[in-house]
1. Return yes when Ala517 is crowded, with 20+ Cβ neighbours inside 10 Å and either in contact with a Leu (Cβ under 6 Å, 6 or more places away or on another chain) or closer than 30 Å to Asn332 by Cα (or both) and no when it is not.
2. Within 12 Å of ligand 2 (Cβ to nearest atom), in contact (Cβ under 8 Å) with a residue 12 or more places away in the chain and open to solvent by 20 Å² or more (accessible area, probe 1.4 Å), is that true of Tyr10?
3. Please find, within the stretch 280-298, the residue that is nearest to Arg196 (Cα to Cα) out of those that are crowded, with 17+ Cβ neighbours inside 10 Å and either without any contact (Cβ under 8 Å) to a residue 24 or more places away in the chain or out of contact with any strand residue (DSSP E or B) (no Cβ under 8 Å at 6 or more places or on another chain) (or both).
4. With the condition being more than 16 Å from ligand 4 (Cβ to nearest atom) and among the hydrophobic types (A, V, I, L, M, F, W, C), I'd like the helices (runs of 4 or more DSSP H) fully within the stretch 131-210 carrying at least 3 qualifying residues.
5. If you take the residues in the stretch 16-68 that are polar (S, T, N, Q) and within 16 Å of ligand 2 (Cβ to nearest atom), which one is farthest from Ser350 (Cα to Cα)?
6. If Lys26 satisfies all but one of (1) over 29 Å from Leu128 (Cβ atoms); (2) exposed (fewer than 15 other Cβ atoms within 10 Å of the Cβ); (3) at pLDDT 95 or above, what's the number of the condition it fails?
7. Check whether at least one residue in the stretch 287-294 is under 16 Å from the mean Cα position of the chain (by Cα), hydroxyl-bearing (Ser, Thr, Tyr), more than 16 Å from ligand 1 (Cβ to nearest atom) and closer than 22 Å to Ser108 by Cβ, and report yes or no.
8. With respect to Ile71, determine if the residue is over 30 Å from Phe383 (Cα atoms), β-branched (Val, Ile, Thr) and open to solvent by 20 Å² or more (accessible area, probe 1.4 Å).
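The values are calculated or read from the model by the stated rules, or taken from the named source; none is laboratory data. All values reported here derive from a predicted model rather than from experimental measurement. Cβ sites come from the backbone with ideal geometry, for glycine too, and all protein chains shown count toward neighbours. For accessibility, only protein heavy atoms count, side chains too; no ligands or nucleic acids. Shrake-Rupley method; radii C 1.70, N 1.55, O 1.52, S 1.80 Å.
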Amino acid sequence: MKTACPLDCYDACSVIYEDGKLKGDKSHPFTRGHLCYKLNHYFDYPQLKSAYYKGEAIDIQQALDILEEKIRSSQNILHFRGSGNVGKMQAVTDLFFASIGATLTSGSLCDAAGQLGIQKGRGKNLILPLEQIAKSELVIIWGRNIGYTNHHIIPFLEGKTLVVIDPVKTNLAKNAAMHLQIAPRTDLELACMLARFVYMQNREDEAFIEEHTEDYDFYTDFIRSYRMVPTTDKIGVDLMDIATLAELMMDMKTVILVGNGVQKYAHGTEVVRAIDSLAAMLGLFGKEGCGVSFLGDTSVGLDNPFEVQARRVPKPEVDFGRYDLCFIQASNPAVTMPNSAKVRAGLEKSFVVDFTLYMDETAQMADLVIPAKNFLQKSDIRFSYGHEFVELMPKLMDNSKAISEYEFTSEMFRRFGLGELRSEEEYIAHFTKQLKKRGECFLLPSFEEIPYSEGFEESFCFVDEVEDDFDALQPGYFLITPKAKNAINSQFKRDPFLYVSLRSGLHDGDRVEISSAYGKTTMEVRLLAELRDDCVLAYSGSAINYVTPDGSDNWGENAKFQEVKVQIKKL
Ligand SMILES: Nc1nc2c(c(=O)[nH]1)N[C@H]1C(S)=C(S)[C@@H](COP(=O)(O)OP(=O)(O)OC[C@H]3O[C@@H](n4cnc5c(=O)[nH]c(N)nc54)[C@H](O)[C@@H]3O)O[C@H]1N2
Ligand SMILES: Nc1nc2c(c(=O)[nH]1)N[C@H]1C(S)=C(S)[C@@H](COP(=O)(O)OP(=O)(O)OC[C@H]3O[C@@H](n4cnc5c(=O)[nH]c(N)nc54)[C@H](O)[C@@H]3O)O[C@H]1N2
Ligand code: SF4
Ligand SMILES: [Mo]
């Protein structure tokens, strides 16, 4: 029986469920028969078997009675939905919470900064199809750790010249033709330096610039405002290496795989826009074997029945303590949101309902816990932000001890006299009928073999200014906080350690206090030879969010986990 992995991952694997086991789908052009640790160990992490009220097991109907009463007596309700499961049916709950006047969220903890940067340049953030990646000659992996987060793409990179831009010498960097181990937070400067080399040699794509872009002169003024020597010093790599990479880009069909890592900053939007601008200068859009792939926007061209008008608060700015009732769904903010001390103080103050799969930190703090069905126990459909395939996720088994998001919403509609929801099948069909097809596979509604081959809706708009007042020279280490190999953020096997460089003076097993202007925590140290001396690293899902900054990036949409320097003290 075929379904798909529900996790928030580029790969969106097609999954076969057979004899109680989850296996990769050999016939799928992308999954090619392999899953990863997370799905291979899915059943090692048992889901909740009951609802809980103040720590006592109760049945689901009682839990819904309590919730109903609480909603009726609350003035100020928050609906906070995370990315524990990225199936489209997750959002059905928005219909209910919007109808009762609750506050929903906007923006994200994830990729909203980069997404906006792309929209400002290209208009739409279209997904680059795998075929174009496979047809490229040079692949630049820029702040994306594909060995951990996107490993099914590796076969598509075979035989290509690989360049990695990452402050960490990732496994892929070790095997790449070139690794630019830049200082964190210098990607915008690097993009501008690369563009300067192209400009100096008059190797820009003049026809493309003429036909598809505007204000190129402002862009060239902008890149020339970065002086070569001080900027290269800041980036922390050899100027010759930057020149060499520029040469490669001028000569080869280039694809850039941009990851989440470059945009966890206040100016993340401009960072991604600067990378896109470099690509536009070289005419990398609308051509075979070329393009820039970020976390793509699956909502382009999709009519989504769960899109609602509602009052919204930007996700990174949510203060749980300001609501009488916080309804949290598919998220573990006690761990995954920045500034954990503030998040936890807020959760303690408010009445918290957690609709979730596991008894995680947020569930342990919740007043009421509602057990969710897992992806095998409900119907859904999922898109990918990394490739063009869409997967159906039919219900394969039942579970009377948990409730699906659809069932929950339908019951709440009934209790609050909001009328009948459309049937679950109708909603799924609403999505399915918009898909394109190739053989047996479904493709995104916005799928184009070569995105932007007809140009952009409006001219491409280059970056020409950036607001950046972060003091990179302030004392302390840069914090790198990426994704762990065997976890999806706080789910599955977390990695709790603080990684430090060999020259940090610390040893494996040392306990340290790590602190910043936002808070502090203690962690156990592991040495990591692959790290620059000016950085420390702790994975998503660890205790690191005690030191990360809350609040939004400059455009008010995204978290900025790495906009901070941290101090380390041996205990
Ligand atoms: N330090 C640091 N923090 C980060 C990041 C980072 O890189 N570094 N990354 C950020 C990013 S990019 C993201 S996307 C966020 C993600 O952060 P979250 O949205 O909090 O995602 P998860 O940690 O995956 O937690 C998901 C929860 O969803 C529940 N769940 C799983 N499946 C279902 C389901 O089908 N139904 C329901 N109702 N619940 C379900 C699980 O019980 C789990 O507790 O974390 C952010 N936090
Ligand atoms: N195994 C696993 N897979 C996952 C997830 C997971 O938790 N675990 N989470 C999923 C989610 S929610 C998301 S959003 C995606 C994100 O997946 P990716 O796009 O891979 O993002 P990250 O792992 O956050 O960071 C990627 C790389 O950016 C580097 N980096 C950090 N700072 C900088 C910088 O300033 N400049 C540059 N150039 N590089 C920098 C890091 O060292 C890291 O190697 O992964 C998804 N897939
Ligand atoms: S987490 Fe990603 S790689 Fe692992 S099975 Fe799911 S989609 Fe595939
Ligand atoms: Mo994410």
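1. On the way: crowded, with 20+ Cβ neighbours inside 10 Å: no; either in contact with a Leu (Cβ under 6 Å, 6 or more places away or on another chain) or closer than 30 Å to Asn332 by Cα (or both): yes.
Here the answer is no, as Ala517 does not meet what is asked.
2. The answer is no for Tyr10.
3. Ranking the candidates gives Met281 first.
4. The helices (runs of 4 or more DSSP H) meeting that bar are 187-200.
5. Thr31
6. (1)
7. yes
8. no
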